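So the structure is just underneath, and the comments pick up after that.
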């Protein structure tokens with residue numbers, strides 16, 4: 001049994017001008033100790049998916065349907081009290097903005113200790129000692145002094161390390177990281193990615209990584225889910241996905257990224273564009289969600305939504321025209 | 001490509017830090033501390049670096065959005081750094097800007113028509129209203145927006161379309177140079193590609209020079225002719241792009257290149273992880289500003305500041321770097337040779 005199973009997840013929001021289908025029927029699973037990346041552009045529903053897992057979506061206006069099974073237990077049926085015992089304990093989350101997601105009036109030690117005191121019943125002194133340990137673990141120098149400092153005294157990279165320390169304090173089984181390095185500079189991003197890889201080996205938590213940066217995905221993920229307009233359009237292990245993307249959207253996404261080193265390899269070509277815009281999620285889309293921007297579109301695509309089909313072992317894509325393995329080989 | 005459209009010599013911008021209710025100055029933020037470069041006609045020069053390195057301050061200083069602390073700026077033969085505002089005004093036409101945030105850089109209470117007509121009227125470019133109309137249509141065509149969108153309001157457009165309006169506004173004054181301050185950073189991958197292609201097309205079409213300020217090295221490599229790398233208010237390396245990406249000659253550039261994640265799973269590459277954070281520009285380190293994080297720093301770096309000088313074994317002419325390592329014999333210089341391909345995992 002997988003650690004996390006998401007079945008037909010639908011997260012809709014009621015808005016003054018119609019229902020916004022932010023996530024519309026998404027299935028995936030995460031095994032224990034595995035790193036799964038969810039990629040897509042803004043508005044594709046990747047963050048809403050993450051928030052739905054922890055039930056952080058305000059209801060109303062939001063509405064979550066489907067099933068989210070964590071260790072076999074459906075989180076959508078759990079009581080608020082049960083959810084509180086899971087959040088920050090068995091499933092924890094790292095947010096994008098280390099600036100706004102830490103409390104500015106509490107020391108970082110208090111904030112790391114809070115989860116420990118709540119979930120593990122540690123005393124104030126024990127919690128502080130453990131907070132120092134956690135700061136050491138995430139590589140913050142002079143942890144004893146830093147534990148008494150406030151978020152504004154730390155740099156962006158250090159704040160993100162504190163966020164990671166908070167998330168890992170209770171040894172969670174699943175860590176959801178929502179754009180953990182997007183707000184950081186490249187050299188700091190490299191430090192944090194290195195830290196996350198290292199900690200994964202030591203702590204052994206499964207990671208759901210939400211990002212739009214395909215470079216980061218290639219670096220840390222084992223399996224990748226590509227989302228577009230609230231639906232999953234492709235899923236595969238990281239190698240096959242980058243080497244042999246099957247869905248036209250994934251192909252477009254990879255083609256529209258400039259390659260570093262292009263001036264050396266002489267592959268200086270014009271960037272591939274994906275024409276047009278993401279469709280509005282407030283209207284029901286009868287056919288394929290990508291039809292309005294797809295270069296291979298036919299009448300079939302605008303009328304019937306393609307099902308997610310296994311195009312190669314472990315490689316699914318939702319496209320009528322994506323090639324299957326046998327055809328590729330021939 | 002031979003005449004410089006913009007020359008910058010020893011540009012400095014120090015922001016005073018005021019404290020107390022009498023507002024006494026207690027120190028300075030050395031945001032830009034002696035930066036020199038030039039941009040040729042029709043050339044793109046990229047300014048890269050991490051947040052707080054002063055790259056955006058350089059852009060704003062060139063536009064004279066605030067007074068300079070020191071240095072010279074020569075735009076098309078006229079020295080503009082000490083020019084009174086009245087004299088400068090007509091010259092502003094030659095140098096226009098595209099900002100990062102397509103949402104806050106357009107006035108929400110002006111229709112696209114008025115946003116684009118304003119610079120044309122200000123600089124008195126249109127002969128009569130028919131000419132103005134024609135210019136407006138031409139601008140919409142140039143940035144590939146439908147002509148009938150001209151009567152709409154900014155909020156009716158998506159981020160990418162707004163950035164097109166921002167570009168059209170910059171083009172309205174028929175400039176020689178456009179400063180793009182992180183102009184594509186806020187956009188999604190697929191939209192980013194559209195705008196990058198548009199900027200490149202416009203450059204070939206109109207022969208524009210561009211100062212492209214960005215932190216995204218892959219886009220920079222794709223767009224640019226030459227690259228200048230900034231660290232803590234100083235330029236540490238300038239080179240034609242092939243030379244910079246193929247054989248970086250400053251340890252900071254080397255670390256930057258190795259830090260960018262590449263979309264190739266399992267790529268074998270040499271990774272240099274810099275320790276610590278960028279020091280504060282209020283109190284920059286003595287000697288070489290990078291020595292606190294440099295993996296190769298030695299005694300001389302802590303005391304003597306290196307100057308930008310031509311590098312001997314670069315891949316192309318015009319490659320300059322500020323690093324003491326190049327005074328050492330090649331065997332003791334970790335930056336000797338062309339290491340770019342290893343850093344970028346090009347096999």
Residues that are in contact (Cβ under 8 Å) with a residue 60 or more places away in the chain and within 10 Å of another protein chain (Cβ to nearest Cβ), drawn from region A:217-227: A:217, A:220, A:221, A:222, A:224
Counted residues, region B:265-298 - those being in contact with a strand residue (DSSP E or B) (Cβ under 9 Å, 6 or more places away or on another chain) and away from chain A (no Cβ under 12 Å): 6
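List the strands (runs of 3 or more DSSP E) that sit entirely inside region B:1-69 and contain at least 2 residues that are without any contact (Cβ under 8 Å) to a residue 12 or more places away in the chain. It would help to see each step written out before you state the result.
On the way: elements: B:4-19, B:24-40, B:44-48.
Of the strands (runs of 3 or more DSSP E) lying wholly inside region B:1-69, those with at least 2 residues that are without any contact (Cβ under 8 Å) to a residue 12 or more places away in the chain span B:4-19, B:24-40.
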Complete set of residues in region A:293-306 that are closer than 16 Å to residue A:227 by Cα and not in a loop (DSSP other than H, G, I, E, B): A:293
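Hey, among B:195, B:178, which residue is in contact (Cβ under 8 Å) with a residue 40 or more places away in the chain, assigned by TED's automatic domain parsing to the domain that holds residue B:101, buried (at least 21 other Cβ atoms within 10 Å of the Cβ) and within 19 Å of the chain's Cα centre (by Cα)? I'd like the intermediate steps shown before the answer.
Working: B:195 fails: in contact (Cβ under 8 Å) with a residue 40 or more places away in the chain.
Unique residue meeting the criteria: B:178.
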Filter result for residue A:233 (within 8 Å of chain B (Cβ to nearest Cβ) and touching a strand residue (DSSP E or B) at 6+ places or on another chain (Cβ under 7 Å)): no
Residues being surrounded by fewer than 16 Cβ atoms within 10 Å (Cβ to Cβ), within 14 Å of another protein chain (Cβ to nearest Cβ) and not in a loop (DSSP other than H, G, I, E, B) - total across region B:155-175: 1
Index of the failed condition, residue B:247 passing every other in (1) within 13 Å of another protein chain (Cβ to nearest Cβ); (2) touching a residue at least 12 places away in the same chain (Cβ under 8 Å); (3) within 26 Å of residue B:73 (Cα to Cα): (3)
Every residue from region A:256-299 that is touching a helix residue (DSSP H, G or I) at 6+ places or on another chain (Cβ under 8 Å), closer than 20 Å to residue B:260 by Cα and without any contact (Cβ under 8 Å) to a residue 40 or more places away in the chain: A:256, A:258, A:259, A:260, A:261, A:262, A:263, A:264, A:268, A:271
Residue in region B:224-234 that is within 14 Å of chain A (Cβ to nearest Cβ) and closer than 24 Å to residue B:92 by Cβ present: no
Qualifying positions in region A:246-279 - part of a loop (DSSP other than H, G, I, E, B) and more than 11 Å from chain B (Cβ to nearest Cβ): A:246, A:247, A:279
Qualifying residue in region B:176-189 (condition: within 8 Å of another protein chain (Cβ to nearest Cβ) and within 30 Å of residue B:104 (Cβ to Cβ)): yes
Only one of B:341, B:336, B:316, B:331 that is in contact with a helix residue (DSSP H, G or I) (Cβ under 7 Å, 6 or more places away or on another chain), away from chain A (no Cβ under 14 Å), at pLDDT below 90 and surrounded by fewer than 19 Cβ atoms within 10 Å (Cβ to Cβ): B:336
Conditions (1) within 17 Å of the chain's Cα centre (by Cα); (2) within 18 Å of residue A:208 (Cβ to Cβ): number failed by residue A:43: (2)
Any hit, region A:99-120, residues being in contact (Cβ under 8 Å) with a residue 60 or more places away in the chain, surrounded by 19 or more Cβ atoms within 10 Å (Cβ to Cβ) and more than 21 Å from residue A:201 (Cα to Cα): yes
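Inspect region A:211-222 for any residue being under 23 Å from residue B:185 (Cβ atoms) and assigned to a loop (DSSP other than H, G, I, E, B) and give the result as yes or no. Don't jump to the end; show me each part of the working.
Within region A:211-222, the subset under 23 Å from residue B:185 (Cβ atoms) is A:211-220.
With assigned to a loop (DSSP other than H, G, I, E, B) added as a condition, the list becomes A:212-213.
Yes, there is a match, as at least one residue in region A:211-222 is under 23 Å from residue B:185 (Cβ atoms) and assigned to a loop (DSSP other than H, G, I, E, B).
Kindly indicate whether any position in region A:192-200 is assigned to a loop (DSSP other than H, G, I, E, B) and either within 11 Å of another protein chain (Cβ to nearest Cβ) or touching a helix residue (DSSP H, G or I) at 6+ places or on another chain (Cβ under 8 Å) (or both).
Step one: list which residues in region A:192-200 are assigned to a loop (DSSP other than H, G, I, E, B), which gives none.
Within region A:192-200 (the criterion being assigned to a loop (DSSP other than H, G, I, E, B) and either within 11 Å of another protein chain (Cβ to nearest Cβ) or touching a helix residue (DSSP H, G or I) at 6+ places or on another chain (Cβ under 8 Å) (or both)), the answer is no, since none of the residues qualifies.
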Residue satisfying all of: in region A:16-25; in contact (Cβ under 8 Å) with a residue 60 or more places away in the chain and over 15 Å from residue A:43 (Cα atoms); surrounded by the most Cβ atoms within 10 Å (Cβ to Cβ) among these: A:25
Scan of region A:108-139 for residues that are over 13 Å from residue A:167 (Cα atoms) and assigned to a loop (DSSP other than H, G, I, E, B), ordered by number: A:121, A:122, A:123, A:139
Members of region A:158-185 found to be part of a helix (DSSP H, G or I), within 12 Å of chain B (Cβ to nearest Cβ) and crowded, with 23+ Cβ neighbours inside 10 Å, listed by number: A:158, A:160, A:161
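Residue A:132 - would you say it is surrounded by 14 or more Cβ atoms within 10 Å (Cβ to Cβ), modelled with pLDDT of 90 or more and more than 29 Å from residue A:211 (Cα to Cα)? Working first, answer last.
Numbers: surrounded by 14 or more Cβ atoms within 10 Å (Cβ to Cβ): yes; modelled with pLDDT of 90 or more: yes; more than 29 Å from residue A:211 (Cα to Cα): yes.
Against the criterion (surrounded by 14 or more Cβ atoms within 10 Å (Cβ to Cβ), modelled with pLDDT of 90 or more and more than 29 Å from residue A:211 (Cα to Cα)), residue A:132 qualifies.
The values are calculated or read from the model by the stated rules, or taken from the named source; none is laboratory data. Here the structure is a predicted model, which is why all the values come from computation and not from measurement. Because the Cβ atoms are built from the backbone with ideal geometry, glycine has one as well, and the counts that use them run over all protein chains shown.
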